[in-house]
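The numbers here are math on the coordinates, done by the rules we state, and not lab data. This one's a predicted model, so the numbers in the text were calculated from it and none came from an experiment. No Cβ is skipped: glycine too gets one built from the backbone with ideal geometry, and neighbour counts run over all protein chains shown.
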Ligand code: TGC
Ligand code: FAD
């Protein structure tokens, strides 16, 4: 058998993909090469969210690609993962746009909404004509969303929301916010059109990473909603956590995309640059970096693919997602930093991607559950003992 065309693919992992999966990956790769890669360094430098890219992502079938609701294309989990890797090979901020829209906001509507809510929002969101955001985190409730303070109170036939959310991706450009709030029956989800009086979103800036996406502080000041704003299918934290599972799954692939790009840039540079009369790639210390990184890339892709196959088979458990989210983001950061060193001084120029990827990935390691939180989820799975509080009560 011919070796895989990708130099890092030592184990020919590409052979584990079907022809259809490889064709889909090519489609996404071409989309990224045409619509993202040429512009992304400039967007990052200017901290510019390319709003105009969102309908293009929709036309390419990349928004809510793995959902089956109205307007969605029902792609497999593996296809969704392959797309996340290609997008994040360009920039984590672009993959984040797709995650927030598709895996978080659209998943909440698809899983927990009424038919009328799905018809109202999903086709426009899949097309990128409407934008959604997902508001779970609060200023005082990050890793521990169970401590959220935002509340929804019955108000005649409807509801009134009070509270504040923080770090909400796309909130400044969104048409609808999926807001999680405390009610008498527990935590519930609400569809809040962002034009509703009392809803405000203020960008958090300047940011040191993820500069091609936007996050905001959101205030909900007596936001009045009709009764049909409630997502009826979710009560309790299981609702938002089910959406997080989707985004975390995409992240384990995406991080490997960023790492693959950084590795490729480093290898290409090492094979072109001479010092002390030799190619940089000829130094044993450089080869050590390239080999160590390639091994982790291969392991990370195997984790992502195995997880994707389990997800497509319908047997994936939440803690299995933590394996990939924790491992792949952590290793991707190390790979990107090592790649940066191979570039020497050039690695500090915005012209080259490895350090941009590394700073982006610092945000990625923090959102969707920090390294510490995923370690504790896995610790609980391995021992049966929750260790989320200092006293060990939960
Ligand atoms: P716990 O008692 O463990 O569970 C409460 C209920 O939820 C269920 N559950 C899950 N369901 C589905 N998927 C999961 N992963 C689930 N984890 C838990 C659980 O079965 C239970 O259900 P029920 O029916 O019995 O009530 O809840 P806890 O409060 O003790 O949770 C602990 C912990 C630390 C695991 C959880 O709080 C956690 O994951 N914290 C991290 C918060 C986080 O990840 N926030 C992300 C915000 S969104 C974001 O960052 C977007 S970034 C943009 C992008 O994605 O690109
Ligand atoms: P904290 O929870 O205050 O954590 C601080 C430190 O304490 C961390 O190191 C953490 O691991 C550690 N820690 C916390 N609890 C424990 C524990 N039990 N044991 C050991 N260590 C612990 N949220 C949304 O709802 N929607 C979004 O779209 C969104 N997008 C985001 C985009 C970006 C760029 C960022 C940075 C964040 C985003 N978030 C979003 C919020 C994100 O999910 C939170 O930042 C994250 O969950 C961590 O919460 P925190 O920042 O409050 O940190």
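Annotations for the structure displayed:
- The largest-to-smallest principal axis extents of the Cα set in region 13-126 are 40, 39, 18 Å.
- Largest first and in whole Å, the equivalent-ellipsoid semi-axes of region 244-394 read 34, 16, 13, each the square root of five times a Cα gyration tensor eigenvalue.
- Pairwise Cα inverse-distance average, inverted: Kirkwood Rh of region 255-326 (Å): 14.0 Å
- The calculated FRET efficiency for residue 309 paired with residue 185, based on their beta-carbon distance and R0 = 22 Å, is about 0.05.
- Model label zone, residue 47; criterion: amide N under 18 Å from point 7 Å along Cα-to-beta-carbon; scope region 345-372: 350, 356-357, 359-364
- Counting only alpha carbon atoms, the long axis of helix 371-383 and the longest principal axis of the chain meet at about 80°.
- Region 74-176: C-alpha pair distances exceeding 18 Å, %: 60 percent
- Crossing angle, helix 318-342 versus the chain [Cα axis fit, 0-90 degrees, rounded to tens]: 40 degrees
- Inter-site label distance for residue 207 and residue 285 at 7 Å from Cα along Cβ, in nm: 3.5 nm
- When both region 24-40 and region 174-211 are represented by their alpha-carbon centers, they are found 30 Å apart.
- Debye intensity ratio I(q)/I(0), log10, region 169-245, q values 0.16, 0.18, 0.22 Å⁻¹ (C-alpha model): -0.67, -0.82, -1.08
- Binned Cα-Cα distance frequencies in region 211-317 - 5 Å width, integer %: 2, 9, 12, 12, 12, 11, 10, 9, 7, 5, 4, 3, 2, 1, 0
- Largest-first principal axis extents, alpha carbons of region 100-244, Å: 43, 34, 29
- Point-to-point label distance, residue 385-residue 129, nm (Cα→Cβ direction, 7 Å offset): 5.6 nm
- If the chain linking residue 11 and residue 241 were pulled fully straight, counting 0.36 nm for each residue of separation and taking away their Cα-Cα distance, it would gain 79.4 nm.
- Chain lengthening between residue 34 and residue 147 when straightened (0.36 nm per residue, less Cα-Cα): 36.3 nm
- Computed over region 351-394, the convex hull of the alpha-carbon atoms projects to a mean area of 3.8 nm².
- Relative to the longest principal axis of the Cα atoms of the chain, the long axis of helix 77-90 makes an angle of roughly 70 degrees.
- Modelled label reach - residue 375, point 7 Å along Cα→Cβ, region 320-344 residues with backbone N closer than 17 Å: 322-334
- Alpha-carbon Debye profile of the chain, log10 I(q)/I(0) at 0.09, 0.10, 0.11 Å⁻¹: -0.52, -0.64, -0.77
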